[in-house]
Structure formats: C-alpha cells, structure tokens
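Read the structure below first, then the notes.
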Amino acid sequence: MEIVEEANKILEIDINKEIIRKESFKRPVVIKKNYNYIFRSKSINPEEKSSSLISIYQADILNTKDNQYIRLLMDFLKEKFYHQLRTKEGLGYIVILKAIETSKYCSLENIIQSNSKTPEYCASRVRNFYKESFQKVKDITDEEFKLLVDTRLSLLDQKDDNLSTEFLRNWKEIEDDTYRFDFIEKYIEALKKCNKEEFIQFYEKYFVKELAILDCEHLCEEHYEQNEKEIKETKILEGENIIKRVICDTPEDFKACNQLGVIHNNPVFMKYNN
C-alpha cells in the first residue's frame, strides 16, 4: 500500500477523484447474417511458401446456456474437422477448430495453414464441412450427447492447478470487462440443462440458416494469382445460405460494408445467387 501511495504521488494521481471509465477498446465487429466477408493480406516475406486461413463463423451474444452449445459443438466437431481436412483432404499441416468469445460474441474459429492449397480453396472446404456436418449433428444419439455434456462437465469441474492458473482466469474477466468470476459455476448449472433437441436447433440456426462468416486470408506470393482466380470463379452453392460474398482489402472497406452492406469506391464487389 505504501508503494502504491508513493507511485500515486509521483504520477500525480488523485485517488479521490471519480474515474470516468472509457469504453473498452475491444469493440465487437458484428458480421451480417448470410454474408461471407473476405479480408485479404499478403505475406511480407517473399520466401514464404505457405498461406493461411482464419475462418470465423460468428453466432450472437449468447445467454449462458447457448454459450455451452457452441462449446459442445466444438467438442463434437474438432476431431471430425481435423480428420476430414487434414487427414483425408491434406489441406495443410496446421488444421484447428476452436470456440472463441470476443467482446461477448461467440464464434467457431477454423484455422488452416497450407503450402499446397490457397486460402480461398480451404475456405470452400470449410463451408462444405459445416454443410455436411449438419446431418452428423442431427444423427447424434442420446448417449453421444450425454457423453459430450459429461466430458465438458468434468473439464469445468477441475480445480485450479496453481495460483497462476486461478489468477489468469480471473484476470481475463477483468481484461474483457465481463467480471464473471463465478462463470464456471454458472456454466456447470447451464450445461446440466442442455438437451439434444436444442443442440441440433442451435447448429441449424447459426451454421446452416444464419451463416455469418469472415474469412481472413493471408497469402504467400505463389498463391496470390490462383487465389484471385478462385475468388472470381466461386459460386454460392445450393444450401449454403449465403446472400453475398464481399471482398475487403482494407479495414476501412470492412467498416463500410459492415455498416452499409456495400463497399464504396472498391471495384471488387461480388454478389452471387444460387
């Protein structure tokens, strides 16, 4: 306390003055429903032989129960994702699916690094994976769903290994402006109320009917020309429920199309119908 008081004096901080908290710098970027945005960037290393894709499938700000469904989906799909796109299709060495939460918006994040396929090709295979996975989700048995829930419950119920783990978990709540220091207890309570029917409905809503996709494509020099060609030739396939595919070459472009649904002063604006 003495050190803090001395630091306040040196920095001329008045601890009695009310601090008006500024809005968090982490702003949520809301992806429009049934849109597929493509944000491209080139590698600055001319010797780089691999390109990478981060494909984000965004849901909404979810309640505590729905928040569990996106994590159950991650658990259900991640091995299938790896097996299909890494083992069977050989898209790249790094193939990852994980659930993320950014500014309270939940998403599934799909990461592929490839030296043989372009990010645009990988993105098309990710879309195909989610389209084909709907049947697997619908076919899940009561026993399989119970195992999913029980496995996640056992993970949440684990005690912190050390003080550092406990600190980092709580500090993240402060950093994210969420302050849910009891979220584990709430997650466990919500998980016990999850059921198979809602699990299927959740997938259908956010990964079939209301797709909101942002593809971040980082391109090596060798892949750039082919990637451009594939973008221009890509057609919206039946059942993908994508109204528009929009290219954004700068953050300003993304802000414009995110707000208005169009890109001003950008010649590359794509709109394909089924």
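Bear in mind these aren't lab numbers, they're just calculated from the coordinates by the rules spelled out. Note that the structure is a prediction, hence the values are computed from the model and not measured. With ideal geometry, Cβ positions are generated from the backbone for all residues, glycine too; neighbour counts draw on all protein chains shown.
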(request) Report the FRET efficiency, 1/(1 + (r/R0)^6), for E197 and T102, where r is their Cβ-Cβ distance and R0 is 30 Å, rounded to 0.05. (result) 0.60
(request) Taking the Cβ of each residue in H223, H83, H218 as the centre, tally the other Cβ atoms inside 10 Å and list the residues starting with the fewest. (result) H83, H218, H223
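Figure the gain on full extension for E233 and D161 (residue separation times 0.36 nm, minus the Cα-Cα span) and round it to one decimal in nm.
That pair, E233 and D161, stretches by 20.8 nm at full extension.
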(message) If I compute Cα Rg over 2.2 N^0.38 Å from the structure I just sent, which labelled value in [x] 1.04; [y] 1.17; [z] 0.96 lines up?
(response) [y]
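Report the gain in length on full extension from E47 to N34: 0.36 nm times residue separation, minus Cα-Cα distance, nm rounded to one decimal. Write down the numbers at each step before the final one.
On the way: separation 13, 0.36 × 13 = 4.68 nm, distance 3.66 nm.
Additional length available on full extension: 1.0 nm.
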(request) Using Cα centres only, tell me the gap between the range 42-71 and the range 101-161 in whole Å. (result) 11
(message) If I model a spin label as a point 7 Å beyond the Cα along the Cα-Cβ vector, how far apart are those points for I3 and Q226 in nm?
(response) 5.5
(request) In a Gaussian network model over the chain where Cα atoms closer than 10 Å are linked, find which of S164, S114, S50 has the largest mean-square fluctuation. (result) S164
